[in-house]
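Here's the structure, in structure tokens; my notes come after.
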Amino acid sequence: MRRKDKEIKNMTAIEAIIKRAQVCRLACVDDGKPYIVPLCFGYEAGTLYFHAAQAGRKLDILRKNPQVCFEFDIDQELVRGQNACDWGMNYRSIIGFGTASLLETPEAKKAALDCIMQHYDAPGPYEYSDASLARTLVIKVDIEQMTGKAAGYAVETEQ
């Protein structure tokens, strides 16, 4: 990271940003071209979960290349300036990298879907019909690396 003064190193602070985020943008590469999609998600212990339909472009791409990049951002606030170059943005964000895989068993899918529901504070317990589980695909991303960045907010730098 070029601007070390904006880097968030504290894992508790990074996870707090993820907890507050409403959307995760998942990026993958299709024959050398980037493709990004905003998704609802769940996060638990260094792992991201996303639900999907059985077919679609992101799945076609992930089956060819499971390497992904992801992004979260919160607290976006435009900062106006007197001159064009004085304008800016306050924010907190996370960017990371990982490897995607597809969950196959009903039990693994249920646990991941529960994680997604819990992220959005949906009251449980959660029930999923066999038919619903059969037509739902769940993407798991094992996080390999992530960093946080903040502008206009105090930065927690300690590990």
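Just so you know, all these numbers are worked out from the coordinates, no wet-lab data involved. Keep in mind the model is a prediction, meaning the values are calculated, not measured. Neighbour counts run over all protein chains shown; Cβ positions are idealised from the backbone, glycine included.
Which aspartates and glutamates have a Cα lying under 19 Å from the Cα of residue 110, excluding residues fewer than 8 positions away in the same chain?
Qualifying aspartates and glutamates at Cα under 19 Å: 44, 121, 127, 130, 142.
Once the Cα atoms of helix 106-119 and of the chain are each reduced to a long axis, what angle between those two axes, in degrees from 0 to 90 to the nearest 10, is obtained?
The angle comes out near 30 degrees.
Relative to the first principal axis of the alpha-carbon coordinates of the chain, what is the inclination of helix 11-20, with its axis defined by its Cα atoms, in degrees from 0 to 90 and to the nearest 10?
That works out to roughly 70 degrees.
How far apart, in nm, are two points set 7 Å out from the Cα along the Cα-to-Cβ line at residue 75 and at residue 54?
My value for the distance between the label points is 4.4 nm.
Measuring from label point to label point, each 7 Å out along Cα→Cβ, what is the residue 128 to residue 25 span in nm?
Simple spin-label model gives 2.8 nm for this pair.
Applying 1/(1 + (r/R0)^6) with R0 = 22 Å to the Cβ-Cβ distance of residue 67 and residue 121, what FRET efficiency is obtained, to the nearest 0.05?
For R0 = 22 Å, the calculated efficiency reads 0.10.
Evaluate the distance, in nm, between pseudo-label points positioned 7 Å from the Cα of residue 9 and of residue 108 along their respective Cα→Cβ axes.
If labels sit at residue 9 and residue 108, their model points lie 3.5 nm apart.
Can you give the relative contact order of the range 12-159 as a percent, counting alpha carbon pairs under 8 Å and 6+ residues apart?
29 percent
Find me the longest stretch of the chain that has none of the exposed GluC sites (Glu not before Pro), where exposed means in a DSSP loop (not H, G, I, E or B) with at most 10 other Cβ atoms within 10 Å.
1-103
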